[in-house]
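Written out below as structure tokens is the structure these notes cover.
The values are calculated or read from the model by the stated rules, or taken from the named source; none is laboratory data. Bear in mind that the values here come from a model prediction, so they are computed numbers and not experimental data. Positions of Cβ are backbone-derived with ideal geometry, glycine not excepted, and every protein chain shown enters the neighbour counts.
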Amino acid sequence: MTFTDLKIDQDMVDALASKGIIEPFPIQSQTIPLALDGQDIIGQAKTGTGKTFGFGLPLIQALGLHAEPGVQALVVVPTRELCVQVAEDLEIAASNRDTKIVAIYGGKAYEGQVEQLKAGAQIVVGTPGRLLDLAGQRLLSLKNVKVMVLDEADKMLDLGFLPDVEKLFAQTDPTRHTMLFSATMPGPVVALARRFMNKPIHIRATDPDEGLTQANIKHVIYRAHNLDKDEVIARILQAEGRGKTVIFTRTKRAAAKLVEELNDRGFNAAAVHGDLNQEQRERAMAAFKAGKKDILIATDVAARGIDVNDVTHVINHTVPDDPDTYLHRAGRTGRAGKTGIAVTFVDWDDLHKWGLIHRGLQFGPQEPVETYSSSPHLFTDLDIPVDTKGRLRASTLVREPRTDRPSGDSSRGGSRDGGSREGSRPPRQGAHSTSGNSGGQRTEGNPAHREPGGGAHDGTSPTRRHRTRRRTGGAGGGAPTPPVA
């Protein structure tokens, strides 16, 4: 079956073909015919199975080849990264027609987004907060919206966006065509669909013989020591056939630390987390998609915005909080029908959490295997060459200087092994000679004749001069500086 068989307009078929997209995925072949007829749809499929074109192609086609200026379609997504990704996919599909798409999300200046709205953009892809903000300023009108899509509805629920979504629904025409897509369908999402949708058809694009996890993803679970994780990850990154890799961390600090460590080891890594501004996050994502960086370290904020078909490995630096988060993390690999590997590290303290995920996702009898960077099964499980080490180059990180000094260092009045300060600075004028030295320079003679502060040659510690300073209070006084907390 092709997109032409699904009655998609030829200009969009050609646009997809130019990107190598020829055959539809199951969720697309099931949803597109119904969506073209204006049927409200609840589409449920695993992440990475092509939901975007499942609603995007009918949405674009409904507006016509030469759509009138003004917002006529609204796609609501939970995260900034997903907003950018969906907008890019729709732009590909509409590249041969006049339809304009604008991405509306926070973290960027209003002006550029408002200008695109005033220029007549017909399709808006946005996050709830920025959409309501512009609508509240009367810079965005939703009264003429014909088609509304809610993408990743379960993530909307997780982030607490459902009340905002309800406000957006309220600003649109009740007769609109509505589509809701999600990987999972928790109760509040079902209630939302019943309230705002008109007799929706529920489509599940899954194989009845397949579990909750994708069959084309190999899941490897290790019980690893926290101090050894960086070394284990560095060896996994040298596995045979490894392509682009996404590593998920629990905290922003862990992401920043790991990207520094991997870059120091010689890898090409970038990070996406909440401490970076929107421009930095977009720059990192663009570098990853373009192949300039082949490792992306991210917190869950970016999990649903990473739609890259050639991700071969996903690594969970720490175990996810729940089964749904695990599914969405692992779903960054094995996309578009390709195979992938998901590696999860389970700390000793998180074994109970993994037990919940293990039961919730209907895994087979798979328990975390105690694993170290030298464990033989690590190399065989993931096709890592046996002689692989965890570093591609010597460290370039600046280390703290050591407090002990080598023999002969006399910057503090003599070496630790009793050596003299000779050569550390020019001889003093008028210094008396010892042991017959007529040059006025001290020599290692009788220690009884050495200068105060000089070193002795017999191995004894140098005598040091001590200064006593009187500290007084008051303005300009020498009050001691309190230690920095």
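Count of the range 194-211 residues, restricted to those that are modelled with pLDDT of 90 or more, part of a helix (DSSP H, G or I) and either surrounded by fewer than 13 Cβ atoms within 10 Å (Cβ to Cβ) or within 32 Å of the chain's Cα centre (by Cα) (or both), is 1. Does the range 108-121 contain any residue that is of a type in the set (Ser, Thr, Tyr), under 28 Å from the mean Cα position of the chain (by Cα) and under 26 Å from residue 332 (Cβ atoms)? Checked against the condition, which is being of a type in the set (Ser, Thr, Tyr), under 28 Å from the mean Cα position of the chain (by Cα) and under 26 Å from residue 332 (Cβ atoms), the range 108-121 yields no hits at all.
Residue-wise test of (1) within 22 Å of residue 202 (Cβ to Cβ); (2) buried (at least 20 other Cβ atoms within 10 Å of the Cβ).
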residue: 27; (1), (2): yes, yes
residue: 41; (1), (2): yes, yes
residue: 68; (1), (2): no, no
residue: 78; (1), (2): yes, yes
residue: 81; (1), (2): no, yes
residue: 93; (1), (2): no, yes
residue: 96; (1), (2): no, no
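One residue alone among 232, 301, 246 is modelled with pLDDT under 90, outside the structural domain of residue 106 (by TED's automatic domain parsing) and either among the hydrophobic types (A, V, I, L, M, F, W, C) or closer than 18 Å to residue 333 by Cβ (or both), and that residue is 301.
Considering the range 141-174, and only residues there that are among the small types (Gly, Ala, Ser) and in a helix (DSSP H, G or I), the residue that is farthest from residue 58 (Cα to Cα) turns out to be 170.
Out of the residues in the range 337-378 meeting the condition of being crowded, with 21+ Cβ neighbours inside 10 Å and of a type in the set (Val, Ile, Thr), tell me which one is modelled with the lowest pLDDT. Residue satisfying both the conditions and the ranking: 357. Which one of these does residue 54 not meet: (1) of a type outside the set (Lys, Arg); (2) within 23 Å of residue 339 (Cα to Cα); (3) without any contact (Cβ under 8 Å) to a residue 12 or more places away in the chain? Of the numbered conditions (1) of a type outside the set (Lys, Arg); (2) within 23 Å of residue 339 (Cα to Cα); (3) without any contact (Cβ under 8 Å) to a residue 12 or more places away in the chain, the odd one out for residue 54 is (3).
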